[in-house]
1. Being touching a helix residue (DSSP H, G or I) at 6+ places or on another chain (Cβ under 8 Å), outside any helix (DSSP H, G or I) and either within 16 Å of ligand 2 (Cβ to nearest atom) or not aliphatic (A, V, I, L, M) (or both) is the filter here; which residues of the range 37-50 pass it?
2. Output the strands (runs of 3 or more DSSP E) that fall wholly within the range 146-198 and possess 3 or more residues being surrounded by fewer than 24 Cβ atoms within 10 Å (Cβ to Cβ) and modelled with pLDDT of 95 or more, or say none.
3. Would you call L256 at pLDDT below 90, surrounded by 13 or more Cβ atoms within 10 Å (Cβ to Cβ), assigned to a helix (DSSP H, G or I) and among the hydrophobic types (A, V, I, L, M, F, W, C)?
4. From E274, E322, E243, E313, which residue is of a type in the set (D, E) and either within 16 Å of ligand 1 (Cβ to nearest atom) or farther than 30 Å from P144 by Cα (or both)?
5. Quick one: would you say T139 is under 20 Å from K53 (Cα atoms) and assigned to a loop (DSSP other than H, G, I, E, B)?
6. Between L304, L287, L300, L320, which is surrounded by 16 or more Cβ atoms within 10 Å (Cβ to Cβ) and assigned to a loop (DSSP other than H, G, I, E, B)?
7. Looking at V168, V193, which is the one that is within 30 Å of K26 (Cβ to Cβ) and either away from ligand 1 (no atom under 11 Å from the Cβ) or of a type in the set (F, W, Y) (or both)?
Amino acid sequence: MKTLVLKINPRKIDSKKIDLAAEEIKKGHLVAFPTETVYGLGADAYNEGAIKKIFQVKGRPYYDPLIVHIAKPDELQKLAREIPPIAWVLAETYWPGPLTLVVKKSNSISSLVTAGLDTVAVRMPANRIALSLIQKAQTPLVAPSANLFGRTSPTQVQHVLEDLDGKVEVIIDGGETRIGVESTVLDITVEPVQILRAGGISLEKLRKVINQVALNQELESGFRSPGRLKSHYSPRAKLILVEKRGEEEIKEVSNLASHYTKLGYKVGIMAKEENKERYKDFNIKILGKGNRPASCATNLFKTLRNFDQEGFEIIIAEGLEEKGLGLAIMERLRKASADKIS
Ligand code: TXA
Ligand code: MG
């Protein structure tokens, strides 16, 4: 299949190109598009044939449910039932934005979308291209991240092309995504509400609106979700995450880097800006400043893909404090490092 790449400027949207992409959605085809978090691979949420194609193209198992993307908060009514009042408070505060709400599903939603669950995950993205596409297609879009299953999520069009060129009808190039990590998945069918996946809306921000927010327990130890899989977001290289602070962190990272270099591996260090002078003997990439986790989030997946592209075999990663987007970053680094080293 020849993939059509449509370049669209998010500040000056070319409606002809959006129309073209929307027509493809209506035909049951797949369109990759930017959101504020990462690129998504979109299909008509009411077309089972198209939904199946998403799983096939990504190599994603059918037990991993999809997020439904809407262009107006009201559209939640059609997708869900028994919507708790907190849904509207959260929607008012954080939509459009990187917050996905898990609510009880209505009958209109196929169990293919929800992997047989009685709940559905819904969000309204804060990206003008995404919103225009949903509006023009006149249907909500299911959209997982536009990467092959298990790989790091795409934050720019080159990443989408690496994984999906020739496999989908359209890829929209809308530049680099702003946030860089996926949305926070929040289950509001339980009390207290529970974060299933840390993401673009931080725990601190949620706690401003809701008194009690629980962290998924396995998540606190770095496991479960997305798709209840332990290993995820993986670069091709083996990733080793060092969860120490201060001098201990630097010592451990240096020791590991020396060890694997001596064994003949091509080793890279992913470090915080403030520590960059400390690893002079090694190949290093900077994630960002430790006290600015939002900028680290923007760089995270891109940096991991860059290590891969340059043929690194081992990545030794420094950790971050689990504040703000630091929580989402650490969750992803722990998953990326799971089961990778013997
Ligand atoms: O930022 C994002 O959320 C991006 C952009 C494209 O919107 N999408 C994304 O989708 O990350 P995906 O498919 O890669 O991740 C969806 C996550 C998975 O962890 C899935 O298990 C969870 O949402 N999920 C979906 N439906 C669910 C449900 N009914 N209950 C619990 N978790 C659900
Ligand atoms: Mg994903």
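The values are calculated or read from the model by the stated rules, or taken from the named source; none is laboratory data. Small disclaimer: the values here were computed from a predicted structure and weren't measured. Note that each Cβ is placed from the backbone with ideal geometry, even for glycine, and that neighbours are counted across all protein chains shown.
1. V38, Y39, G40, L41, G42, A43, D44
2. 193-197
3. Answer is no for this residue.
4. Details: E322 fails: either within 16 Å of ligand 1 (Cβ to nearest atom) or farther than 30 Å from P144 by Cα (or both); E243 fails: either within 16 Å of ligand 1 (Cβ to nearest atom) or farther than 30 Å from P144 by Cα (or both); E313 fails: either within 16 Å of ligand 1 (Cβ to nearest atom) or farther than 30 Å from P144 by Cα (or both).
Residue meeting the stated conditions: E274.
5. Working: under 20 Å from K53 (Cα atoms): yes; assigned to a loop (DSSP other than H, G, I, E, B): yes.
Considered against the rule, which asks whether it is under 20 Å from K53 (Cα atoms) and assigned to a loop (DSSP other than H, G, I, E, B), T139 comes out as yes.
6. Result: L320 is the single residue among L304, L287, L300, L320 that is surrounded by 16 or more Cβ atoms within 10 Å (Cβ to Cβ) and assigned to a loop (DSSP other than H, G, I, E, B).
7. It is V168.
Residue-by-condition table, conditions (1) at pLDDT 95 or above; (2) surrounded by 15 or more Cβ atoms within 10 Å (Cβ to Cβ):
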{"residue": "Q135", "(1), (2)": "yes, no"}
{"residue": "L141", "(1), (2)": "yes, yes"}
{"residue": "N216", "(1), (2)": "no, yes"}
{"residue": "G222", "(1), (2)": "no, yes"}
